[in-house]
Amino acid sequence: MNPDREVQVGPDREEGGPLRRVISRRMLTIFVIGDILGAGIYALVGEVGGEVGGAIWAAFLLALGLALFTAFAYAELVTKYPRAAGAALYVNRAFGRPFLTFMVAFAVIASGLASAATIARAFGGEYLSAFVSLPVVVVGVAFIAAISFINLRGIRESMRFNFALTTIEVAGLLLVVVIGVAALGDGLGDPGRVLEFKEGESVILALMSGAGLAFFALIGFEDSVNLAEEARRPRVDFPWALFGGLLAAGLIYLLVTAIASMVVPTSQLTASDGPLLEVTSVGPLAVPDRLFSAIALFALANGALINLIMASRLLYGMAGEGVLPGVFSRVHPVRRTPWVAIAFTAAVSAALLFTGDIGQLADTTVLLLLLVFAMVNAAVLVLRRETVSEPHFKAPTVMPVIGMAVSLALITTKDAETFARAAALLAIGVLLWLLTPRAGA
C-alpha cells in the first residue's frame, strides 16, 4: 500500500451504494443511546459492586472515560471512511491482512454471542423468579430460542419489537431514579456508601476490575458506525452522535448506580442477580416486584435481540463475501431471513450458558471487544498516512494512543478462565476460516 496515495471519496450526498441516506443527527444520537442503555445496567450493578464496593458509580465513570478514548478513534475513522463495515473495514485498510480482518470481524460476532448468553443468564435469575422459579440454564436456553424465533420472523418485526422494548427499558431506569430519590427523601438508605471502596483491596485495582466489568454496560456505541452509509451527513453528524450519545447514556448510568448504592447496601446488591429490583422495592414509591421485574425482563430481551441480530447478519454477510462457508448465506424461502446463521448463533449462545455465570460471561464479552478496540485504535494511527479528499474529524493523536493502552490494560484484569472461553470462541472462527475454500485463495 502506498502511504502517500490519496483516497478519492466524493461528497457525502454522493457516497455509498444503494442504501438510502435517511438518518439524521438526532436519529443517530438516539440510536447510540438506545444501543448502549439496557441489559448491562439491569444485570451488572451488583456484580460491579462486588468488585469495587459502594462506589459503584466510580467504576462506571472510569469505564465511561475509557470508552470515550476509543470513541475518538471511531469518530475519526467513520468520518474518514463512511462505509457500513465498521472495525473490519478499518483494520483491513490499515493492515491489509485478510485473516486478521476476518478474526476482528469474528471477534465482534463472538462478543455478541457472549453478550446474548450473559443476558440469557440474567433473564433466568431474580427478575423471572418474581413470576416463576425455574433452573437458570433451562430458562436461558428457552429464552435464546424465543429471541432467535423473533429474529427468524423478519427484520421488520425485530425492529418494531426493538423500538417498543427500548422505550420500556428507558422508562424502567427513570423509575429506578424516581423511586430511589423518594426513598432517600424519606430518610432511608445511606448516602455515604457512594464513597466506600471494597475493604482489603487497593482502590486503583478495585476500580480497574470494576471498570473492566462495567464496560459491558457501555458497549454498543461502536455499532453505530455500521449506519454510515445511511446517515445523511456522516462526516458531520457522527462525532456529535458518538460523543453525545455516549455521554448521555453514561450520565444516566452514573445517576442510577449512585442512587442504587445509596438506597441499598452493597452486599445486598452484590448478592442479587436482579439488583435494580432491590431499589424499586424500597421507600414510599415502591412498586410491586412483578411490575419492575416485567420491565427488566423486556429490557433484557431487547439486549439479546440486538446482539443476535448483529451476529447473525455479520455471519450472513461474511458468507456472502466468501470468507465463511456458503451455508451461512442461506435464506429462509418465506421469511427471507438468514436462517442458518440465526440457528448457528442461537446454538453457540446456548452452549455458552453452561460455561459461566453472569459476571464471567460479561467479562468474556468485554475481553473480545477490548481486543477489537485495541486494533481499531492502532488502525487510526496507521491510517494517518492516508489522506481523503473530504474534511473529516481528526482525533488528537494522544487519544488513540491512550485508547489502545487502556484497552490492553483492561485486558489484563481478566482471569484465565475468561481468556480460555474467548479463545474457544475465536477457535471456532479459525475452524470456519479453514473450512472455507476461498479463504486461502
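Side notes on the structure shown:
- Taking the conditions (1) open to solvent by 10 Å² or more (accessible area, probe 1.4 Å); (2) in a helix (DSSP H, G or I) in turn, Asp273 satisfies each one other than (2).
- Residues of the range 65-80 that are of a type outside the set (S, T, N, Q) and open to solvent by less than 10 Å² (accessible area, probe 1.4 Å): Ala67, Ala71, Ala73, Tyr74, Ala75, Glu76, Leu77, Val78, Lys80.
- All positions within the range 352-390 that are farther than 24 Å from Thr412 by Cβ, open to solvent by 10 Å² or more (accessible area, probe 1.4 Å) and in contact with a helix residue (DSSP H, G or I) (Cβ under 8 Å, 6 or more places away or on another chain): Phe354, Val388, Glu390
- Selection of the range 209-246 for residues being among the aliphatic types (A, V, I, L, M), at pLDDT below 80 and open to solvent by 20 Å² or more (accessible area, probe 1.4 Å) yields only Leu227.
- Exactly one residue out of Val138, Val91, Val104, Val170 is open to solvent by 40 Å² or more (accessible area, probe 1.4 Å) and either at pLDDT 90 or above or touching a helix residue (DSSP H, G or I) at 6+ places or on another chain (Cβ under 6 Å) (or both): that is Val138.
- Among the residues of the range 22-49, those identified as modelled with pLDDT of 70 or more and surrounded by fewer than 19 Cβ atoms within 10 Å (Cβ to Cβ) are Ser24, Arg25, Arg26, Met27, Ile30.
- Among the residues of the range 328-351, the ones that are in a loop (DSSP other than H, G, I, E, B) and open to solvent by 20 Å² or more (accessible area, probe 1.4 Å) come to 7 in all.
- Meets criteria (free of Cβ contacts under 8 Å to residues at least 24 places away in the same chain, part of a loop (DSSP other than H, G, I, E, B) and either surrounded by fewer than 24 Cβ atoms within 10 Å (Cβ to Cβ) or out of contact with any Phe, Trp or Tyr (no Cβ under 9 Å at 6 or more places or on another chain) (or both)) for Val132: yes
The values are calculated or read from the model by the stated rules, or taken from the named source; none is laboratory data. Since the structure is predicted, the reported quantities are computational estimates derived from the model, not experimental observations. Glycine also receives a Cβ, built like all others from the backbone with ideal geometry; neighbour counts cover every protein chain displayed. Accessible surface areas use protein heavy atoms only, side chains included; no ligands, DNA or RNA. Shrake-Rupley method; radii C 1.70, N 1.55, O 1.52, S 1.80 Å.
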